[in-house]
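S.K.: Dumping the structure here so I can ask a few things about it.
Throughout, read-outs are computed from the coordinates displayed, never taken from laboratory work. Please read all numbers here as calculations on a predicted model, not as lab measurements. Quick reminder, even Gly has a Cβ in these numbers, built from the backbone with ideal geometry, and neighbours come from all protein chains shown.
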Amino acid sequence: MSLDQVGVLLMILLGIFGGLLGLWWGRKQAARQRGLDERFHIISSKSQASAWKITLVAIYILFILMVCGVKLSAAPALGIVLLVHMAGWASSSVYYNIKL
């Protein structure tokens, strides 16, 4: 393993740790301020469902591109799917927070 690969692996693990720490801290603060109510759970479940629907559309588009001859290896394809899923989850959370 080269030094670059070790650095990338450490950054990925640091990102996972930072995300989990932020999730834990955010939920702790929301519980302290009574923010984890029924509205939060409804918005959370609806936004997760919408994000998976958006991700499914992205997967179908990637399959169509592959059938049309576009060459994508596993890493970029998974990166695109992850990016679309996270962006869909964030945008649908904002949408349901405004709507509800």
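S.K.: Among Leu10, Leu20, Leu36, which is surrounded by 11 or more Cβ atoms within 10 Å (Cβ to Cβ), under 21 Å from the mean Cα position of the chain (by Cα) and free of Cβ contacts under 8 Å to residues at least 40 places away in the same chain? Even if it seems obvious, please write down each step before you answer.
M.R.: Values: Leu10 fails: surrounded by 11 or more Cβ atoms within 10 Å (Cβ to Cβ); Leu20 fails: surrounded by 11 or more Cβ atoms within 10 Å (Cβ to Cβ).
The unique qualifying residue is Leu36.
S.K.: I would also like to ask the following. Gly7 - would you say it is under 22 Å from Trp89 (Cβ atoms) and not aromatic (Phe, Trp, Tyr)? Lay out the reasoning, then the answer.
M.R.: Numbers: under 22 Å from Trp89 (Cβ atoms): no; not aromatic (Phe, Trp, Tyr): yes.
No, not satisfied.
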